[in-house]
1. Residues in the range 138-184 that are outside any helix (DSSP H, G or I) and of a type in the set (Phe, Trp, Tyr): how many?
2. Only residues in the range 183-210 that are within 14 Å of Gly224 (Cβ to Cβ) and touching a residue at least 12 places away in the same chain (Cβ under 8 Å) count as the first member; pair them with residues that are outside any helix (DSSP H, G or I) and of a type in the set (Asp, Glu), Cβ under 6 angstrom, at least 6 apart or cross-chain, and list the lot.
3. With respect to Arg236, determine if the residue is assigned to a loop (DSSP other than H, G, I, E, B) and over 30 Å from Leu83 (Cα atoms).
4. Among the numbered criteria (1) modelled with pLDDT of 80 or more; (2) closer than 16 Å to Ala196 by Cα, which single criterion is violated by Thr124?
5. For the range 210-237, which positions are under 22 Å from the mean Cα position of the chain (by Cα) and of a type in the set (Asp, Glu)?
6. Among the residues of the range 107-116, is there at least one that is surrounded by fewer than 20 Cβ atoms within 10 Å (Cβ to Cβ), within 19 Å of the chain's Cα centre (by Cα) and either over 18 Å from Leu237 (Cβ atoms) or at pLDDT 75 or above (or both)?
7. Which ones in the range 208-223 are in a strand (DSSP E or B) and either modelled with pLDDT of 95 or more or of a type outside the set (Gly, Ala, Ser) (or both)?
8. Looking at the structure I just gave you, is Val177 out of contact with any helix residue (DSSP H, G or I) (no Cβ under 8 Å at 6 or more places or on another chain), modelled with pLDDT of 95 or more and of a type outside the set (S, T, N, Q)?
Amino acid sequence: MDGSTAPRGRESTRRIAAVERAVAVLEALSGPADELGTNELARRTGVNPSTVSRMLATLADAGLVEQVAASGRYRLGVRLVQLGNAVVARLDLRDLGRPHLQELVAATGETATLSLPAGDEAVTVDYVQSPASVQSVAQLGRPSVGHATATGKVMLAFVGRDVGTGTLTPYTPRTIVDPHRLADELDVVRRRGWAAAEGEREPDLNAVAAPVTDGRDELAAIVGVQGPASRFTTERLEATASALVQHAQALSATLSGR
């Protein structure tokens, strides 16, 4: 028998335990406290202080944590942001968002859409069509109109676009054309977490939309539900908003790793 087999097994076990302790330290640093000292980290992780100290030095060398010069305490390092962004870059929002769109269609009977910010607009990148015989037709690549669509209002509200001072283009008699009135509505959108548009771009189309944010709390996508005004009434639209926000928050949590 090769006498090196057992030592390799024990060494492998020690390595796994060390990784688990390192993960515990990183998780402790991700809590509400911005900075923690060695002794506090030892208390929270159950690892002895000398081991924690050596572990912090190793993590600091890799940029995963950093020591604050003024206090001597530790906090998470910017290298974690780079690693996290690399993961997010591999995620296809259409794949992540489609199950949510399907569930929204099943729950509401209306068409659900996914849009991504693109410059000053949000562009539809995926949708799941309503099964109803009378449908609102979504179009891939169609840009939103900031002041006249639910998706566009979310874009304006959560990216901070300037609505300007001149009269806005009217698409229907219900389009908001006064920038001051639009600014007031965007304040409401930010407070309640969703936007609505009722016959504002097309006379017979009502819609509701909610923001999806990433790990930096920046707008990453917008999910929406739309339908014919005769069926997707104000009451149904408002009732849908709660479920829509829940799906948007769940997608946000996936993107941010929560």
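The values are calculated or read from the model by the stated rules, or taken from the named source; none is laboratory data. These numbers come from a predicted model, not from an experiment. We place every Cβ from the backbone using ideal geometry, glycine too, and count neighbours over all the protein chains shown.
1. As a first pass, look at the range 138-184 and keep what is outside any helix (DSSP H, G or I): 138-149, 160-178.
Subsequent filtering for residues that are of a type in the set (Phe, Trp, Tyr) retains 171.
Residues in the range 138-184 being outside any helix (DSSP H, G or I) and of a type in the set (Phe, Trp, Tyr): 1 in total.
2. What qualifies is Asn206/Glu198.
3. Details: assigned to a loop (DSSP other than H, G, I, E, B): no; over 30 Å from Leu83 (Cα atoms): yes.
The answer is no for Arg236.
4. (2)
5. Passing the criteria: Asp214, Asp217, Glu218.
6. As a first pass, look at the range 107-116 and keep what is surrounded by fewer than 20 Cβ atoms within 10 Å (Cβ to Cβ): 107, 109, 116.
From what's left, within 19 Å of the chain's Cα centre (by Cα): 116.
From what's left, either over 18 Å from Leu237 (Cβ atoms) or at pLDDT 75 or above (or both): 116.
Yes, some residue in the range 107-116 is surrounded by fewer than 20 Cβ atoms within 10 Å (Cβ to Cβ), within 19 Å of the chain's Cα centre (by Cα) and either over 18 Å from Leu237 (Cβ atoms) or at pLDDT 75 or above (or both).
7. Val208, Ala209, Ala210, Pro211, Val212, Thr213, Leu219, Ile222, Val223
8. In short, no.
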